[in-house]
Structures are given as structure tokens and as C-alpha cells.
1. Can you name the condition, by its number, that residue 242 falls short on among (1) farther than 22 Å from residue 146 by Cβ; (2) surrounded by fewer than 22 Cβ atoms within 10 Å (Cβ to Cβ)?
2. Working only within the stretch 222-260, note down all residues that are closer than 25 Å to residue 306 by Cα, assigned to a helix (DSSP H, G or I) and touching a helix residue (DSSP H, G or I) at 6+ places or on another chain (Cβ under 8 Å).
3. Residues that are over 30 Å from residue 81 (Cβ atoms), in the same structural domain as residue 125 (by TED's automatic domain parsing), assigned to a loop (DSSP other than H, G, I, E, B) and modelled with pLDDT of 95 or more: does the stretch 202-211 have at least one?
4. Give 507, 497, 513, 482 a once-over and let me know the one that is at pLDDT below 95, over 30 Å from residue 416 (Cα atoms) and not assigned by TED's automatic domain parsing to the domain that holds residue 348.
5. Please count how many residues of the stretch 152-184 are under 26 Å from residue 277 (Cα atoms) and in contact with a strand residue (DSSP E or B) (Cβ under 7 Å, 6 or more places away or on another chain).
6. Taking the conditions exactly as written (more than 32 Å from the chain's Cα centre (by Cα) and crowded, with 16+ Cβ neighbours inside 10 Å), does residue 468 satisfy them or not?
7. From the list 258, 233, exactly one residue is within 30 Å of residue 134 (Cα to Cα) and modelled with pLDDT of 95 or more. Which is it?
């Protein structure tokens, strides 16, 4: 296993939107290579790459047609090998996205299944309908029917797809599937990758295919969320593959609570090293993510504390390729954007866990500026619009839901400069660039001594040198409408983190005092926090 992975800062790259080297409007591997110095200057230790495998891109690479080939959109295997080498020369490791709940329907396995080869038919979940009806009443993560006709209609067979219909689910009851995945993992680990971010990993094994209890969304989920079969697969993968490499795993685990998370990543169980949970990302929604409510900081604080106290080690993140931008979501934005971006970064770096940053977060990028649905590429967004339309929801309301929540909000091209194409591309970008790139970009932020990047570097450097922040215990000190305060303690020493989620100056809670170690504002005032200020103090007893 990769030693000391907990100490590292991980930076997620969404390759399609990071840097385009050849002017075709799509980010690529050589573009990433050209920006490695930027990542090294931030103090990034590990890059997490969203999928770069060969894919028809129905779901932007999460539908894999060949696990051992690079998509032509992104370059060649030689480019990838160079990326590994160039990153390593800067002290940076790379982890891959491992998507093993499903493949693309254009994968050779599925094509051979369709051609009638029983061996490959058994690689997928294929079931008979019931009296002219679907195999069961399950729902689908992409607001679609999860069953699609398979092969000859007269056979009345259907294949399961919990996501896009071009993403058929693998049959993990088949030991040959397990062997194939082990082989794929070893292929990349032998190249020198540092591990995997495991996509929707806690749904890979289905306990049964019976009808499910009716839910607003995802009817049937009790049959596949964190089953004992999944736990066994993860233990086997650790034993047979991961234990033999200097590498680690972090799992995207949907709908998990704290006991589930403990079972997935407790050291003595030998499954995953860390998990991405989602409860804190649900603090501004009602039921499902498409129905938003007014963000109340206290709700976020409560969930963060709950997981800090409930899980020994957390993944610390506010953004990824599936989530709207945090500065838009959790702060007032506008003139407060820079201050809010700094405060949120400070919070991430001071909690107990491994910090995961998403591209653009280091400059406080905001949600996309889409004007109409045709500008959205995300398949999930289009499926939700179709479903909502079928329910009679009128277009202005449908668009308002999608504009605020679409995954494309985080997928707009990286804003490197204020020049045409935002320094991302010299061609037509695959997805609309946010027009605010002229003001919000890496070049402009670097020129600002008080910029978000400068604060990011200070935070990362401080945490790297602080045993308390790296490994200290967590305890909440204050949870108010606007101010969040918590302590990190190790061997009798402690640091207190203070966050102001308000556009107003707020008093520091009573009983909290100490010398300022780091602040997001230039002249922090004793006794109060500036709007959206983040502050670290060395605690002293009153």
C-alpha cells in the first residue's frame, strides 16, 4: 500500500476540460503535461485523473470501451507514459478512475454477448421479463428506466443499466469478471499509477433482482447498496491485487451512512483505504439533488462535525466533476467570491482527513453560465429534463433546476488566462467557457499577491508542516448561524480553526482565544472575524 497517503493533497483533473494542446477544443494528456509546473507550484502530491480510456463518450468517459487503451481524444499510451514520468520528476503520483460497475455497450465483451457468445453474455446482468413486463421495478441513477431490451426481442431479455443505457452493468457473480478486473488493475499498477478512485464502487454487487420498495428515486436500491457481496469483492481485490503495489484506493460510495463507511474503509477489514461520502453535499437539497433549498451554513457544519466524529479518517472535498462549484453554492459570490473561496479552502485543509481539490477550485471558479439546455452536454441533465417534462413540470422551472445543479457546472473549461479561449484552447471548446474567465483565471490570480492561489499555497504548506493538522484529533467548539469553530489536538498542543460563513463581521465565540497562525485576510482583528474570513489560531486557555 502507498505509505503516508493520508498526508497528501490530491488534485482532480477532468481531462476534457483541463488543457487542450492541439486546438481541437478538447483537453488532452499533452495539455496536462504542459500544466504540471502549475500543479507542482501548488504543492500537489497526487493527481486523480477522470477516465481517459477509449470510450464513445455517452457519459464523458465513464462508459469504457477498452480499459487498456487511451481515448484518441486525449492522446496515446506514449503520451500517458510521458505524463507519468514528467509528474514523477516533480514528485507527483497519479491515480486512475476505476469504473467497474459497468462498461460501455461498445466494449468487446458486450458486443460478443450480443453476438450470442454465452461466455460474454454471462459478463452482464441479463434477465428475462415477467409476462411481457420488465424484470423488476427498479429505478435508475440517471432518471431513466434501468432495463433495456437485449438481443432478439422474441427472447424477452433485458440488460440492467443503473446509469446510461450505454452503460450495461457487469455481473459480479461471475468469477471471470473478477479475473478480468484484476488483470486491468495490474496493467495500470504495473505502469506505476498510485492507485484508483473507484467509481460508484458500493453498488457493484446486486444481492437479488426482486422488486424494490417504492422510493421517490432509486426504487430497488436496498438490493445493491453496500451488499455483503461488494465487501467480499473489495477484500479479495485488496488481497489479490492492491497489497502487492505501492498504491491505495478511494471509493465513491453512494448513499452511505457512517456505519457503512466504517465497514468499507476500516483498516482491519482490508477493503478500501478511504471513501467519498455525500451527506455534507446534500445539506442544501430536499430529498434528491435536483430540488435545492436555501443554503444554511449550520447544516453543513453539523454534517461535517458528524462525520469528523464518526469516521476516523475522512476525504475532504467540496467539489468534483459531479458537483456544482462550491463558491457558488456555499457563499454569496460576486464581490465575496475570492473571500468565500479562501474560507472554503481553509476549512478543507484544517479538518481531519485527506484533502481533495478539483481543478479551478484554486482560483475560485464559479458555476457555468449556461443560457439554455442545448448548451448543456451532460446526459443526466437531459434525462432529468425529459423526466420532469413527462411529469408536467413547466420549462422555466425545469431549466432553473438544471441550471443550478447540472454536472456541467463543474465541467466548464479551466480558466488559465483572460485571452480568447481562456488559455484552455485555441479552437472551439467542447463546452461553453464561463464568460467570467476574463476576470477569473490563473494568470490574473497569480498576479494578485492576495489571490486565492497564494492562500492555497500557504494553506497547503502550513498543513504539510503541522503534525496537528495532519493527524490531530477533532472536536467542535462552536456551531452558530455563521461561525464554525473547531479544535485539532495532538499530544497536548492544539490549533483552532475559525470560519465565518457571513458577509458581515462576526464576533469570535467566547472562550476562544490565541495567537493568529494564519488568516485569509491581511490584518485580522482581535475578537472578530471579517466577512468570509478563515483563521487558524494557537489555542490558549482563558
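1. (2)
2. 231, 258, 260
3. no
4. Details: 507 fails: at pLDDT below 95; 497 fails: at pLDDT below 95; 482 fails: at pLDDT below 95.
Matching residue, one of 507, 497, 513, 482: 513.
5. The total comes to 11.
6. It is false that residue 468 is more than 32 Å from the chain's Cα centre (by Cα) and crowded, with 16+ Cβ neighbours inside 10 Å.
7. Working: 258 fails: within 30 Å of residue 134 (Cα to Cα).
Of the residues listed, the single one that is within 30 Å of residue 134 (Cα to Cα) and modelled with pLDDT of 95 or more is 233.
The values are calculated or read from the model by the stated rules, or taken from the named source; none is laboratory data. Keep in mind the model is a prediction, meaning the values are calculated, not measured. Here Cβ is always computed from backbone atoms with ideal geometry, including for glycine, and neighbour counts include all displayed protein chains.
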